[in-house]
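Please read the structure below before turning to the comments.
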Amino acid sequence: MTTRTRTTTVTWSQANARRLDRQSLGGSGSPALGVTEAVAAMLGAHAQVLSAAELAVGVRAPGVTRAEVRSALWTDRSLVKTFGPRGTVHLLPAAELPMWTGALSAVPGEAARLPGDARMTPEQVEAVVTAVAEALTGAELTVDELSDEVIARTGPWAGDPVMPAFQGMWPRWRQALHLAGHRGVLRYAPNRGRKATYTNPGTVPLPGPQATHALVRRYLHAYGPATPAHFARWLGAPRGWAGQLFEGLAAAGAIEEVTFEGVGAAWVAAGDTAFPRSGPRGVRLLPYFDAFAIASMPRDRLFPGAAGDRALAGGQAGNFPVLLVDGTVAGVWHQRRSGKRIAVTVEPLAALGGGRVRELERRVARLGEVLEGTAELTVGAVTVGGHA
């Protein structure tokens, strides 16, 4: 007689509540997080726009302001600004950089999107990464200064203007810029005036298997239950590679299967099968590219019905700051700053009751505290488009 293993069943509401709680976005029972703890809990704060990262931290860390986030980044150096998941700019805890660089550098490269005559050979990629590491050791260089160094150390081919950019063309070597960050030889340094600078943090990445296994477990702790496809989408990795990674972890007993409502088979870290009994409650405001909005899957449950039409851009999360009501997206919002005054417009998809409006006012006031200004709420239509 065959013995059938009993599988935990997890509802969407339970999963959503646990994810929110673990990022201090839930109710009063959520843990109080500091700056680096908040960044660690969300698995990196998207920082292409630094003010969005500051808000992402501030809504999770009571009492924290943007000044404290910047101090952690540039003074205490407990945070690092570098290229993270999907090759995008993130704030990451400095103590976790060996794991991140080990895992990110182990992700197989996707098929080149550039035309054949614009691509670099594997040998050229390695030459560029080596040149970047050498040029940035003990130095803080702007991208133009780094470009001159890379071309001088590799050859004129690295400077060929073949990469489409915002205004014009970038040199060929720039396609390996984020890879240098993933290898641990490049991070952002403080701006020089308006120009970003880079330096070499000298990070020694963890071995690939050790790092990727650790990252999967961290991801499942924050956003589980999840499938390999969910993980691949969040990380910007090939699905087949993610599937093999999960298979190996399952065989080793490091992760275990559960039944996830609306998904079927999904995974959590081994032994991590406790979920809240009640669903999330309350009102929250999340900024552009917030990690919770991007990483929580399945996306159509977080952005149900009209929320998907209003707050997603072609299925892509993050282009609009979002209003969460009871854990799901229920509107969008926008801020406009003038001196210390911050005008916040919130567009709910359905009318909010008086209690919800009062809670929203408190959330808006908190945004003002984080940004070191005075925020004022208007409930109405958001007329600006999504972030480019």
Quick one: would you say Val204 is outside any helix (DSSP H, G or I), touching a residue at least 40 places away in the same chain (Cβ under 8 Å) and not assigned by TED's automatic domain parsing to the domain that holds Ala293?
yes
Matching residues, segment 79-114, being surrounded by fewer than 23 Cβ atoms within 10 Å (Cβ to Cβ), within 16 Å of Leu50 (Cα to Cα) and among the hydroxyl-bearing types (Ser, Thr, Tyr)
Thr88
Given the conditions (1) within 22 Å of Met42 (Cα to Cα); (2) not in a helix (DSSP H, G or I), and given that Met169 satisfies all but one, which numbered condition is not satisfied?
(1)
Within segment 255-269, count every residue that is more than 24 Å from the chain's Cα centre (by Cα) and among the small types (Gly, Ala, Ser).
3
Restricted to segment 202-228, and to residues that are touching a Ser or Thr at 6+ places or on another chain (Cβ under 9 Å), of a type outside the set (Gly, Ala, Ser) and surrounded by fewer than 21 Cβ atoms within 10 Å (Cβ to Cβ), which residue is farthest from Gly138 (Cα to Cα)?
Val204
Please pick out the residue among Arg366, Arg299, Arg356, Arg336 that is among the charged types (D, E, K, R), more than 26 Å from Pro85 (Cα to Cα) and out of contact with any strand residue (DSSP E or B) (no Cβ under 6 Å at 6 or more places or on another chain).
Arg366
Which listed residue, of Arg70, Arg66, Arg77, Arg119, is among the charged types (D, E, K, R) and either touching a Phe, Trp or Tyr at 6+ places or on another chain (Cβ under 8 Å) or at pLDDT below 95 (or both)
Arg119
Quick count over segment 286-314, residues being of a type in the set (D, E, K, R) and more than 23 Å from Leu215 (Cα to Cα), is 4
Give me the residue from segment 229-244 that is in a helix (DSSP H, G or I) and buried (at least 22 other Cβ atoms within 10 Å of the Cβ) and, out of that set, nearest to the chain's Cα centre (by Cα).
Leu235
Residue that is nearest to Tyr223 (Cα to Cα) [pool: residues in segment 32-70 that are part of a helix (DSSP H, G or I) and among the polar types (S, T, N, Q)]:
Thr36
List the pairs whose first member sits in segment 78-91 and is basic (Lys, Arg), whose second member is buried (at least 23 other Cβ atoms within 10 Å of the Cβ) and assigned to a strand (DSSP E or B), and whose Cβ atoms are under 6 Å apart, counting only residues at least 6 apart or on separate chains?
Lys81/Leu91
Kindly list the number of the only condition in (1) closer than 15 Å to Leu92 by Cβ; (2) buried (at least 19 other Cβ atoms within 10 Å of the Cβ) that fails for Val59.
(1)
Of all residues in segment 259-275, which are surrounded by fewer than 20 Cβ atoms within 10 Å (Cβ to Cβ) and either within 20 Å of Val329 (Cα to Cα) or β-branched (Val, Ile, Thr) (or both)?
Thr259, Glu261, Gly262, Val263, Thr273
Regarding segment 186-193, can at least one residue be identified that is of a type outside the set (S, T, N, Q), in the same structural domain as Leu136 (by TED's automatic domain parsing), in a strand (DSSP E or B) and crowded, with 20+ Cβ neighbours inside 10 Å?
yes
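The values are calculated or read from the model by the stated rules, or taken from the named source; none is laboratory data. Quantities reported herein were computed from a predicted structural model and do not represent experimental measurements. Cβ atoms come from the backbone with ideal geometry, glycine included; neighbour counts cover every protein chain shown.
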